[in-house]
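To start, the structure itself, in structure tokens.
No lab work stands behind these numbers, since they all come straight from the coordinates. Just so it is clear, the model here is predicted, and its values are computed rather than measured. Because the Cβ atoms are built from the backbone with ideal geometry, glycine has one as well, and the counts that use them run over all protein chains shown.
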Amino acid sequence: MVVILGAGLAGLSAAHHLAEADCVVLEREAHVGGLCRSFREQGFTFDHTGHLMHLRDPEVRAWVEQLLPDGWAQLQRSAWIHSHGALTPYPFQANTAGLPLEVRLECLMGFVESLATRSERAPTVPDAQVVDPRWPFLKVAPPPAADEPTFHDWILRTFGAGFARHFFEPYNTKLWRRDLREVTGDWVSWSIPRPELGDVLRGALTVNEKPFGYNPEFLYPRAGGIDHLPRALADSLAPGVVRTNCEVVALNASAREVQLADGSSERGELILSSLPLHTLARLTSDLPDDLRAELGALDAISIRAINLGVRGAPTSDAQWIYVPDHAHPFHRVGLPAALTPAMAPDGHHSLVAEIAFHASDDPGLDAHRQATHDSLRALDLLTSDHEVVLEHSVDIPTAYVVFDAARRRLLPRLLRFFLEHDVVPMGRYGSWDYLAMEDSLLHGREAARRILQERS
Ligand SMILES: Cc1cc2nc3c(=O)[nH]c(=O)nc-3n(C[C@H](O)[C@H](O)[C@H](O)COP(=O)(O)OP(=O)(O)OC[C@H]3O[C@@H](n4cnc5c(N)ncnc54)[C@H](O)[C@@H]3O)c2cc1C
């Protein structure tokens, strides 16, 4: 039997692709979905936080599309950035028209200078490498060489000093909660659009219609709430495959045996784990002492979402707005009703303020709430015409894994330890990576296919 830990998208996908093979999914919570979940109250629906589906793999697209009976809405991105008192379209680097002239000039000058020196200081962030050819979806870049550009260097080399000062540095220090010289650049290749000079110039003069980045179009459940996806996925599995309220409290990797909170245990010929890797490692009784001593190297950023249900019409038709200015506590505000009207009752809309914090610097919910209300008013997203009728908050303790040198030194050793014992970490936090929903589904699929291939 294959024992799958966690009923998020990676775990459910693995169970689906194992099809008739004997498997069980053990999930701590009372419901499936993991991070891909939604909260509903008084006619409002909030995800943890906005979850938009962008798909590259045709097979995953066909599978995911047929799973939802009410279907998916295909949406064009409407994402904006609030800075220097103006709202400009995402991405900042291709859309500075509307910003003060001095800001635009500084960005353009810096970008042109960065182009002049780019060839002699070519960014040399190495590609991630497969840790074990048996499980090719697990990849980590080698430990950084002394001259490898940090994320801070990468920003300067790629966009120049003006874009760094006016967007990338403030936005990213707000998100990563540290000096960007401590962050490595091995996660940026797919997530940050790199426009050409012509696009940057055009965007400084006029509205840039060109779609940039990985998500100019995306899907979202028409019925409202991303949890429709994992729920449909779980419903498509054979009865009894998914066991909720089953918390894993210990793992013996050598025996491939997990202990559950109710005192029972499960043993597998192979274990697929989507638990956060640092959690899995802490639960592992036979983890070598040297690895255990280094587990603190796997650092993560937490997200606190402050969700507001609001009576009255929104003041913006954006789906979400990035807020780099440190005067405001949040780095992003979502407006879920702009995705589908099903997210809020008639005559209402909702706001989701996303605040990044580190476990060591959390000022507490009350401080974040107060600052959020003040800032939403300062940004005109809450006005005297609005009444907040619902307030709810959610913490995601492990939301963004920190990309740094310590991660790249420890991660391959930790993954190899588990893989040698046929315990296969997968999914966003199992692989300790920056994965979108589709990537997590793909991890589950690839892991299952490898198992079936080896059996045949
Ligand atoms: C703020 C934020 C916004 C995001 N937005 C997007 C987006 O717009 N689009 C997109 O594509 N992706 C987005 N993502 C990424 C997406 O959420 C993930 O890629 C995906 O949901 C991860 O699925 P998973 O199965 O790998 O992990 P998880 O969802 O974390 O699943 C792991 C499961 O393990 C369970 N578990 C944990 N401990 C135990 C235990 N001890 N015993 C048993 N079970 C346990 C958990 O309850 C959970 O169900 C976002 C992520 C974050 C943090």
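Things worth noting here:
- Put simply, the amide H of Trp72, placed in the peptide plane, has neighbours under 5 Å in Arg222, leaving out anything fewer than 5 places away on its chain.
- Amide H within-cut-off set for Ala141, under 5 Å, with H built and near neighbours excluded: Gln129
- Equivalent ellipsoid of the chain: semi-axes from √(5λ) of the C-alpha gyration tensor, largest first, are 37, 28, 20 Å.
- Relative contact order (percent, whole number), region 317-393, Cα cutoff 8 Å, 6+ residue spacing: 24
- Whole-number percent relative contact order across the chain, with pairs defined as alpha carbons under 8 Å at least 6 apart: 26
- Mean separation of Cα contacts under 8 Å, 6 or more apart, over the residue count of region 79-214: relative contact order %: 32
- Charge dipole (region 1-138, unit charges on Cβ, about Cα centre) - positive-most of Phe39, Gln129, Gln76: Gln76
- Charge sum, other residues only, whose C-beta stays under 15 Å from Phe46's C-beta, Lys/Arg counted +1 and Asp/Glu -1: -2
- Here the Karplus curve 6.51 cos²θ - 1.76 cosθ + 1.60, taken at θ = phi - 60°, turns the phi angles of region 347-352 into couplings of x, 10, 8, 9, 10, 10 Hz, with x standing for Gly and Pro.
- For Val424, distant residues with modelled amide H under 5 Å away: Ile271, Leu272, Ser273
- Take each peptide in 61-67, 400-406, 12-18, count the other Cβ atoms within 10 Å of every residue, and average; sorted highest first, the result is 12-18, 400-406, 61-67.
- Across region 249-264, computed HN-Hα scalar couplings (Karplus, 6.51 cos²θ - 1.76 cosθ + 1.60, θ = phi - 60°) run 10, 7, 10, 9, 5, 4, 8, 6, 10, 10, 9, 10, 4, 7, x, 7 Hz from first to last residue, x flagging Gly and Pro.
- The magnitude of the dipole of region 371-455, with charges of +1 and -1 set on the Cβ of Lys/Arg and Asp/Glu and taken from the Cα centre, is near 840 debye.
- Considering only Ala297, His443, Pro142, and ranking their Cα positions along the charge dipole of the chain that arises from unit charges at the beta-carbon of Lys, Arg, Asp and Glu, the one farthest toward the positive end is Pro142.
- A Cβ-based charge dipole, computed about the Cα centre of the chain with Lys and Arg at +1 and Asp and Glu at -1, lands at about 480 debye.
- The rule of thumb for compact globular proteins, 2.2 N^0.38 Å, goes into the C-alpha radius of gyration of region 79-214 1.14 times.
- Relative to the 2.2 N^0.38 Å rule of thumb, region 277-375 has a C-alpha radius of gyration ratio of 1.49.
- By average C-beta atoms within 10 angstrom, highest first, the peptides 236-248, 150-162, 34-46, 134-146: 150-162, 34-46, 134-146, 236-248
- In Å, descending, principal axis extents of the Cα set of region 313-456: 64, 35, 22
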